[in-house]
Every structure is written in C-alpha cells, then in structure tokens.
Amino acid sequence: MGQEIHSIDFTPEAFEEYRRRLRTETELLVAWEHQGRLRSAPFRLGFELEGWLVDEAGEPAARNAEFLAELADPQVVPELARFNFEINDDPLPFTPGMFDCMHASLQARWARCEEAVRAFNAAKVVSAATVAVGANSPFFLQRRLWEETRIPLFEQAVAVGGSDYSRRVTFGIRYAHESLLEPFIANLERYPVLLPDLMDEPPEHLAHLRLHNGTIWRWNRPLVGFDEQGRPHYRIEHRVVAAGTSVADLVADTAFFAGLVHALITEIPPPETRLSFALARENFYRAARHGLAARVRWLEDGEGPLDRLVVERLLPLARDGLHAVGLDDEEIARWLGIVEARVRSGITGSAWQRHWIDAHGPDWPGLVMAYAERQATGRPVHEWPP
C-alpha cells in the first residue's frame with residue numbers, strides 16, 4: 001500500500017544512516033531465518049484494490065484527501081497520485097467459503113514460510129496465465145498498445161538502473177533457490193537507497209528494510225510481515241494482475257491464482273525445474289503483449305496458444321489445488337467458471353475496451369463512463385454489453 005514519506009529533502013548523511021539501518025535490519029532478518037522464526041504462518045490470502053476517482057465527465061478527480069476524510073475508513077488509504085486510493089482487506093485463512101467472503105482483489109499474497117520458495121517460484125511460473133486472463137489496459141495516451149500495457153509502462157516509467165540486476169520494476173533474473181532471504185539480500189547489495197526516510201522505529205520492526213523493499217517493484221514481490229502476536233513471516237505479493245473489471249472477476253482471478261499455486265507447490269518434480277526461468281519470463285512478456293492469443297511454453301509441453309493452455313491444463317490444475325484445501329465443488333465452479341467463460345469468449349477487460357472503441361470511436365471519457373456503468377452492475381466482463 002502507499003506509505004507517506006516524512007520529507008522530500010534528504011542529505012548525504014541521511015542516505016548514509018539509512019544504508020546503515022538497512023544493513024542492520026537485513027542482518028536481523030538473516031538471523032531470524034537461521035533461528036527458524038519465519039516458519040509458522042498458515043496459508044492465508046490478503047487483498048489490495050487500487051482505485052481511481054473520476055468526475056462526471058470521466059476525467060481524473062484529484063480529490064482523494066476529501067474522499068478519504070469523508071470515508072474515514074482505516075482500510076482505505078492514499079496511493080501514488082491525488083486521484084488514487086487503495087482498499088485493503090485483512091488476510092483470510094485459505095479455507096472453504098473464503099472466496100464467497102471476498103469483495104475486491106488486486107494483489108494476492110501467499111503466506112506459508114515452509115513452502116515460501118516453492119510458492120514464490122510457482123507465482124512466477126503462472127504469471128503469464130494470470131496477466132493474460134486479467135488483462136485490462138490496452139491503451140495509453142489514446143494509442144492501442146499491449147493487452148496489459150501497465151507492464152511495459154511501469155517498467156519504463158521507473159527505469160532506474162541500467163541492467164537486469166538493478167531494474168526497480170522487474171520480473172526478476174532467476175527463481176529463488178533456498179530462501180526468500182535472497183531477494184532481501186539482493187535489495188541491500190544491488191539497489192541504491194531511493195528514499196532515506198529515517199524512522200523512529202526499533203530494528204525489530206524492519207521499517208527501513210520494508211520501505212526499501214517497497215521501492216523495488218518486482219511483479220512477484222516478497223514481503224516481510226508480522227502477525228497479531230508480532231511474529232514475522234514472509235508473504236508473496238502477486239502484482240501481475242490488473243485492478244479488475246468487476247468484483248466477481250477479481251475474486252475469480254484470485255481463485256485461479258490461488259488454486260494454481262497451491263497445486264504447483266506440491267508437484268514433484270517442482271515446476272521450476274521443468275520450465276527454465278528464461279522461458280517463464282518470455283512467456284510473461286508475450287502474454288502481457290498479446291493476451292490470450294499469446295503462444296507460450298508450459299513445462300514439458302511444446303509451444304501453444306495460451307487460451308487453450310488455460311482451458312485444457314491450467315483450469316483443471318487450479319480446480320485440483322482448490323479441492324486440496326477443502327473447497328467444495330459449487331464454490332470452485334462458481335469462481336473458476338467465470339475465468340473459463342472469459343477465456344472461451346475471449347472477452348477480457350482489454351478486449352471489451354478495444355471492442356467499445358471500435359464501435360464508438362475514440363471517445364475516451366465515454367469509454368470510462370461506459371466501463372463504470374457496467375462495473376456497477378457487478379456482472380463479469382464477459383457478460384458486459386459492448
């Protein structure tokens with residue numbers, strides 16, 4: 001979520017002190033890992049949904065301070081721009097009935113440290129499928145670009161660092177090998193401090209480590225959190241999926257991702273040993289660019305169309321994963337059925353927007369208002385009228 005920074009003017013001494021605190025907190029995290037303190041969290045999913053304020057004409061409304069003050073909900077917080085806000089949900093146990101309790105989802109987080117490396121790698125393996133199924137940003141500056149233009153746009157907008165080893169927005173350079181400590185050590189060694197905001201917090205809160213990690217936008221980002229008893233645990237933030245078209249679509253996308261990851265972390269041999277990282281990365285960018293029409297590789301299979309892969313292989317795998325945690329057939333069918341219908345029809349959020357512009361011409365505020373009207377019905381995007 002967005003975090004308010006206390007200053008925008010930093011001295012060389014502040015950078016130096018921040019680096020010292022960052023090293024101290026990273027060393028503390030390493031010690032906790034070696035002591036086994038990050039190995040007790042159960043499976044849980046938490047959610048964030050980023051929103052935009054628009055006026056009656058469909059233009060951005062830079063009034064989030066007024067909106068948040070009027071709403072007065074601690075779970076709704078500011079985000080990057082003055083027309084952004086973010087809705088947060090408390091993490092829920094991954095148990096039967098949980099998807100029926102969800103109201104919104106942007107970023108799905110996985111929390112089980114015994115299998116954190118497997119879950120982190122599985123999230124990367126499935127990223128091509130989730131970015132295509134949830135594609136929702138086909139335009140930028142009135143130009144038709146990628147099916148999920150948010151991916152290259154954000155990577156280029158925050159292009160600090162000249163190599164894959166230091167890019168701030170990245171799919172990554174490899175799978176995790178032994179521990180989710182690896183990205184945090186990379187943060188310390190490879191990424192310069194951007195915001196040396198010195199906080200009056202004890203090292204055990206890892207405040208500086210967590211802020212620094214928040215300035216490195218991996219599409220699958222490891223996080224360190226604390227439970228109600230103050231015990232540390234790892235989480236995985238799956239930032240691949242766009243803010244969705246409807247509440248139903250958002251929950252369906254989350255069920256698809258959660259089922260896939262849960263199924264893959266139990267597979268022997270692990271999927272990351274059967275699909276090279278280079279291919280997982282190539283699949284991801286192909287899917288972001290071409291959506292469901294992308295041609296991708298899946299484990300030992302040859303190259304094929306992504307839409308067929310989702311219907312024939314990935315949806316059954318996601319069903320198996322959800323069954324394994326005890327969800328009943330009705331709940332699974334309700335949410336994965338939305339994904340299947342979307343894929344079979346080819347109507348993702350991006351496809352619907354393209355079709356609307358083809359039918360109505362380049363009326364961009366009109367597109368925003370038509371989108372908002374259909375979103376308000378709660379119907380999944382494949383059922384939206386053009």
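The numbers here are math on the coordinates, done by the rules we state, and not lab data. This one's a predicted model, so the numbers in the text were calculated from it and none came from an experiment. When we count neighbours, we look across all protein chains shown, and the Cβ atoms used for this are built from the backbone with ideal geometry, even at glycine.
Extending 7 Å from Cα along the Cβ direction at residue 173 and again at residue 67 yields two label points whose distance is 3.8 nm. With the contact rule set at Cα under 8 Å and sequence spacing of 6 or more, what percent relative contact order holds for the chain? This gives 22 percent for the chain. Here the sum of -39500 (n - 2.57) over DSSP H runs of 4 or more residues, divided by the residues of the chain, equals -13000 deg cm²/dmol at 222 nm, to the nearest 500. The reciprocal of the average 1/r between distinct C-alpha atoms defines the Kirkwood hydrodynamic radius, which for the range 245-386 equals 16.5 Å. Close amide H contacts of residue 54 (hydrogens built in the peptide plane, cut-off under 5 Å, sequence separation of 5 or more or a different chain): 61.
For the chain, the alpha-carbon coordinates run over 58, 51, 40 Å along the three principal axes, in decreasing order. Between amide H atoms placed 1.01 Å from N, distances below 5 Å from residue 169 occur with 160, 217, all of them 5 or more places distant or on a separate chain. Couplings for the range 219-228, taken from phi via the Karplus curve 6.51 cos²θ - 1.76 cosθ + 1.60 with θ = phi - 60°, read 5, 10, 10, x, 10, 10, x, 10, 7, 5 Hz in order; Gly and Pro are left as x. Each of residue 227 and residue 277 was given a label point 7 Å from its Cα along the Cα-to-Cβ line. The distance between the two points is 3.0 nm. Spin-label pair residue 268-residue 145: with each label point 7 Å from Cα along the Cα-Cβ axis, the two points sit 4.6 nm from one another.
Please give the Cα centre distance for the range 198-253 versus the range 7-35, rounded to the nearest Å. Measuring centre to centre over Cα atoms gives 18 Å. Within the listed set 29, 315, 141, the residue fluctuating most in the Gaussian network model of the chain (springs between alpha-carbon atoms under 10 angstrom) is 141.
Of the trypsin sites (Lys or Arg not before Pro) found in the range 296-327, not one falls in a DSSP loop while having at most 16 other beta-carbon atoms within 10 Å. Using the Karplus relation 6.51 cos²θ - 1.76 cosθ + 1.60 with θ = phi - 60°, the per-residue 3J(HN,Hα) values for the range 318-327 come to 5, 4, 4, x, 6, 4, 5, 9, x, 5 Hz, with x marking Gly and Pro. About its Cα centre, the dipole of the range 12-364 is roughly 1240 debye, where the only charges are +1 on Lys and Arg Cβ and -1 on Asp and Glu Cβ.
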